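**Student:** My structure is below; once you've seen it, I'll send some questions.
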Amino acid sequence: TRRLLKLGAWTEVSDSMVLIHEETTPASLFYVVNGTARVDRAGRTLGMVGPGDFLGEMSYLTGQQASATVTTVTPMRYLAFDRVALRAFLEKNTDVRHALESGFNRNLVDKLVKTNTEVQAKEADARTKPDRRTRKAQSARCACWRWAEASLLHRFCGADLGGGVAPLATVGLDDHRA
C-alpha cells in the first residue's frame, strides 16, 4: 500500500471546486481524505460524498466518460492518482490491484445503499406529505364543503356565518324550505 500512496498526489482544494465534469474523462482517480462534495447529473443532485469515498472510479473501471459532475461543498483533501500511471502500476502489481478493486466494490456498495436509503426516505416523505396539486385539490374540497355547509345552514336555519357565503338559492338551486 505504501507503493500505491507514493503514486498519488496529496491535494487540498477549497469549496466550490469542480473535481469531475459530467461527460468528460477524468484525468485522475480521487480518494477523499476529508471534506464533502456534491454529485450532480444533468443539473440534479444525486448525493453527497465524503471521507473514504473514491471519485471517478466508475469512469476508471469502465473506461467511459464521467456520468456526473462532482463539486466540493467544503474544503477537501484528497489523494489523486493519474489514471494512466495507476493503470500501468496495477498491471504490474496484481495484489495491489485486487485490494484496490475490492475497495472500489465496497465503496460502490456503500454509495448504492446510501442512495437507496435516501430515495426510500424521500418516497416515504412524499407519501406522508401531499404534493402541491394534491394540497390544492384538498383545499378546494375543503372550501367547497365549507361553502356547502354554510349555505345549508343559511338555507335551513337562516343562519349567516359571514365570509360572503352565498345561499344555495343564489346559485340556481331550488329554494325549498324544510
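The values are calculated or read from the model by the stated rules, or taken from the named source; none is laboratory data. All values reported here derive from a predicted model rather than from experimental measurement. Virtual Cβ from ideal backbone geometry, glycine too; neighbours counted across all protein chains shown. Please note that ligands, DNA and RNA were not included when accessible areas were found on the heavy atoms of the full protein model with its side chains. Shrake-Rupley method; radii C 1.70, N 1.55, O 1.52, S 1.80 Å.
**Student:** Among the residues of the stretch 35-59, which ones are out of contact with any strand residue (DSSP E or B) (no Cβ under 9 Å at 6 or more places or on another chain) and part of a strand (DSSP E or B)?
**Tutor:** Residue satisfying the conditions is ARG44 alone.
**Student:** Then there is this: Look at VAL70 and say whether it is buried (at least 20 other Cβ atoms within 10 Å of the Cβ) and β-branched (Val, Ile, Thr).
**Tutor:** Considered against the rule, which asks whether it is buried (at least 20 other Cβ atoms within 10 Å of the Cβ) and β-branched (Val, Ile, Thr), VAL70 comes out as yes.
**Student:** For ARG106, are the conditions met, namely being part of a helix (DSSP H, G or I), open to solvent by 70 Å² or more (accessible area, probe 1.4 Å), within 21 Å of TRP10 (Cβ to Cβ) and of a type outside the set (Gly, Ala, Ser)?
**Tutor:** no
**Student:** Among the residues of the stretch 32-43, what is the count of those that are under 19 Å from THR115 (Cα atoms) and open to solvent by 40 Å² or more (accessible area, probe 1.4 Å)?
**Tutor:** The number of residues fulfilling the criteria is 5.
**Student:** Also, I was wondering about something else. I'm checking my understanding of the structure. Among residues of the stretch 60-101 that are assigned to a helix (DSSP H, G or I), free of Cβ contacts under 8 Å to residues at least 60 places away in the same chain and touching a strand residue (DSSP E or B) at 6+ places or on another chain (Cβ under 8 Å), which one is farthest from LYS114 (Cα to Cα)?
**Tutor:** ARG83
**Student:** Residues that are of a type in the set (A, V, I, L, M) and either in a helix (DSSP H, G or I) or in contact (Cβ under 8 Å) with a residue 60 or more places away in the chain (or both): does the stretch 23-31 have at least one?
**Tutor:** No - not one qualifying residue is present in the stretch 23-31.
**Student:** (1) more than 25 Å from LEU7 (Cβ to Cβ); (2) of a type outside the set (Phe, Trp, Tyr); (3) at pLDDT 50 or above: which one isn't true of HIS154, the others all being true?
**Tutor:** Single failed check for HIS154: (3).
**Student:** If you don't mind, another one. In the list ALA80, ALA88, ALA99, ALA66, which residue meets the criterion of being among the aliphatic types (A, V, I, L, M) and in contact with a helix residue (DSSP H, G or I) (Cβ under 7 Å, 6 or more places away or on another chain)?
**Tutor:** Selected residue: ALA66, the only one of ALA80, ALA88, ALA99, ALA66 that is among the aliphatic types (A, V, I, L, M) and in contact with a helix residue (DSSP H, G or I) (Cβ under 7 Å, 6 or more places away or on another chain).
**Student:** Using beta carbons and a limit of 6 Å, which pairs, at least six apart or on different chains, have the first residue in the stretch 114-141 and open to solvent by 100 Å² or more (accessible area, probe 1.4 Å) and part of a helix (DSSP H, G or I) and the second one at pLDDT 65 or above and not β-branched (Val, Ile, Thr)?
**Tutor:** From residues that are open to solvent by 100 Å² or more (accessible area, probe 1.4 Å) and part of a helix (DSSP H, G or I), there are no pairs.
**Student:** Just to verify a result, which residue in the stretch 50-67, among those that are touching a Ser or Thr at 6+ places or on another chain (Cβ under 7 Å) and buried (at least 20 other Cβ atoms within 10 Å of the Cβ), is nearest to ARG106 (Cα to Cα)?
**Tutor:** GLY56
**Student:** Within the stretch 8-22, restricting attention to residues that are under 18 Å from ARG83 (Cα atoms) and over 19 Å from the mean Cα position of the chain (by Cα), which residue is surrounded by the most Cβ atoms within 10 Å (Cβ to Cβ)?
**Tutor:** Of everything passing the filter in the stretch 8-22, GLY8 is surrounded by the most Cβ atoms within 10 Å (Cβ to Cβ).
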